Structure formats: C-alpha cells, structure tokens
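These notes concern the structure reproduced below.
The values are calculated or read from the model by the stated rules, or taken from the named source; none is laboratory data. Bear in mind the structure is a predicted one, so any value in this text is a computation, not a measurement. Positions of Cβ are generated from backbone atoms using ideal geometry, with glycine treated the same way; all protein chains shown enter the neighbour counts.
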Amino acid sequence: MRILVTGSSGHLGEALVRTLRERNHETIGLDILASPFTDRVGSIADRVTVKECMKDVSVVLHTATLHKPHVATHSRQQFVETNITGTLNLLEEAIGARVKSFVYTSTTSVFGFALTPPAGAPAAWITEEVRPIPRNIYGVTKAAAEDLCELFHRQHGLACVVLRTSRFFPEQDDNEAIRKTYENGNVKANEFLNRRVEIADVVDAHLLAIERAAAIGFGRYIISATSPFERDELADLRMDAADVVKRKFPDYQAEYARRGWKMFPSIDRVYVNERARRDLGWNPRYDFRYVLDRLKAGVDPRSDLARAIGSKGYHDDKAGQRRYPF
C-alpha cells in the first residue's frame, strides 16, 4: 500500500511518515520544505506536482496546511491557495488515481466563535454537532476544505475521513497573557483537561481512519485527549476550574505547588472525543491523569514520538507579535 503524506516536513506529517516507515509501509512525503521525511519538494497548490505524486497511491493523508500563526505573515489568498485549492487538487487527482481512502487533517479551530461562551455562561460542550463559526481566514479555509471532502464523497464515492485535531504542537501559546502568566509545560499540562492531544495519539487516529474509511464513507471527528469532565460540571468549570480539578484529581495541587505551577482559573470549553472513540475504535493513551502521574514520577510526559520530532515553529519571521495573531 503506497501512502501519500502531504505536509511531511511538519509536526504531524513527520510523525506519520516516521510511524509508517517503522511499519514498513511505502510512503511518499510531499512538502514545500525539504526534510528527511519529504520525498518530493513542491506545493499542493501545483496541480502537476500533485498529479505526479498521486501515481500508484492507495491512501492520502493530507496534513499540509497554512496554520493559525500564518495569519500574521500570509495573505488571505495564500490561505485559499494552500488550504482550499491544494485540497481540491488532491481530491481531484485522488479520484483519477482511484485512491481508496482520503484522510484530511482539520482542526478544532473551525468552531471559532462557538468555542467562547458569553460572560457568565457555562463552558461550551464541543461535539461534532456544534455549528462552526470561524473567526479568521484559517478557520474559514479549513471548514471549506472539509466541505470539499464531503462533496467528493457524495459525488464520487471517495471514502473521506475528516479529523479535527486539537492542540498538539509544542510551541508557546499564541495568547500573550497566557505566555506571561504560565510556564509552557504548565500550559500544556492544563490543556490535557479539555483541549490538547498528544501527537502519538493523533497518529493512531489517522492510522485507524485509514482502516475504517471505507466503512465510514464520510465522517468528521474531534481528535482530542479524553476529558474527565461531565456536562453537569460546565458551569463550575467556567466559574472555578481549579476547584473542579481538585475534586477530580486531589493529588494535582501538591505536584503543581512543587513546580510553582497554577491551574487555569476558568475553562471555557471541553472537546468531546466520544464519536472518534466509538467509530474509529480510537483509544487515546495520553490524558491529564497520565501527564500528572509522569510529572509526579519526574518523567517527561511527552511521547517518544513528540520528543523525536521536537519544536519546528511555523515560519522564519519570529519578530515581535507577528507569530501570535488573534
């Protein structure tokens, strides 16, 4: 089985190629940047390049994208060309090549304004049924690409699975107030309660999507660590998250105090991964309990895969606030 991985020089693309190679799958990595995991340097916006890379491919894992941080450095047209036109090129060439399954890496950012309830309201319970309200060109183009996948399934029978991943990158938070208030590891640990996922679990979700795509036909799935919270705790989470976490994990306070860490005073959303666990048979291993136990043992909570990949950043311009758009 020959598998095309787009964005093969990025965090997830590299993780997928590494894992697929270890399992002796034939891969072809496509990215605009050269790397040990990229076989063809080129853009998904270039139809000729896409056509050449699609030869003899059975599965497409489409991770290539312009991300939220690129909003500060790239035009809206560039977002359209990469995230929409690039996806369209891949879908059309996949049909021509008789690809069996197409897995598209989307993002929970498509939910946009739906993620932040009004002041005084409970935290948002985010399932696949929540209607996306994108807040920027990134969210708009990712949502449009999802719809293209659904269209190609309906019109051409292409098995397409959309995976809306939550945060898995190691870079610092894009919120200046968060960066100034919390140490980076503190932020990441807190986020495993409601909006973060370990890259090793993301890879597992993609590999399961390949296996289940034909039976699913088309589906959208939230890929995030399993949250410990229930719907009846949403109001308390918004008002006093630390108290709710203390009830769930009485041992967290001592470890956080030892490290000089703090829990977020308020949590505004909870990503629900129930559908992915049910339909994909996905069993994410990394959650807040796992992270807390590793911290208490003095062990790095990151997966071996995350440590191997490290931090990549998103682009060359790291001046000032340009890395952190709203």
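Looking at this structure, is Ala189 buried (at least 22 other Cβ atoms within 10 Å of the Cβ) and touching a strand residue (DSSP E or B) at 6+ places or on another chain (Cβ under 6 Å)?
Answer is no for this residue.
What pairs can you find where one residue is in the range 200-212 and without any contact (Cβ under 8 Å) to a residue 12 or more places away in the chain, the other is of a type outside the set (Lys, Arg) and part of a helix (DSSP H, G or I), and their Cβ atoms are less than 9 Å apart, with a gap of 6+ or different chains?
The qualifying pairs are Glu211/Leu280.
Yes/no matrix, rows are residues, columns are (1) of a type in the set (Gly, Ala, Ser); (2) touching a residue at least 24 places away in the same chain (Cβ under 8 Å); (3) not in a helix (DSSP H, G or I):
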site	(1), (2), (3)
Ile28	no, yes, yes
Leu33	no, yes, yes
Phe37	no, yes, yes
Val48	no, no, no
Lys51	no, yes, no
Ala64	yes, yes, yes
Glu93	no, yes, no
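Tell me which of these Ala114 doesn't satisfy, since it passes every other one: (1) of a type in the set (Gly, Ala, Ser); (2) crowded, with 21+ Cβ neighbours inside 10 Å; (3) more than 16 Å from the chain's Cα centre (by Cα).
Of the numbered conditions (1) of a type in the set (Gly, Ala, Ser); (2) crowded, with 21+ Cβ neighbours inside 10 Å; (3) more than 16 Å from the chain's Cα centre (by Cα), the odd one out for Ala114 is (2).
Given the residues His70, His74, which is the only one that is outside any loop (DSSP other than H, G, I, E, B) and modelled with pLDDT under 95?
Details: His74 fails: outside any loop (DSSP other than H, G, I, E, B).
Answer to the check: His70.
Any idea which of (1) farther than 22 Å from Leu16 by Cβ; (2) aliphatic (A, V, I, L, M); (3) in contact (Cβ under 8 Å) with a residue 40 or more places away in the chain is the one Val99 doesn't satisfy?
In the conditions (1) farther than 22 Å from Leu16 by Cβ; (2) aliphatic (A, V, I, L, M); (3) in contact (Cβ under 8 Å) with a residue 40 or more places away in the chain, Val99 misses (1) alone.
Any residue in the range 175-197 that is at pLDDT below 95, closer than 24 Å to Gly7 by Cα and under 17 Å from the mean Cα position of the chain (by Cα)?
no
Restricting to the range 10-55, name every residue that is within 24 Å of Glu92 (Cβ to Cβ), crowded, with 22+ Cβ neighbours inside 10 Å and small (Gly, Ala, Ser).
Gly10, Gly13, Gly29
Need at least 1 residues that are hydroxyl-bearing (Ser, Thr, Tyr) per element, so show me which helices (runs of 4 or more DSSP H) inside the range 125-202 make the cut, counting only ones lying wholly within it.
137-156, 176-181
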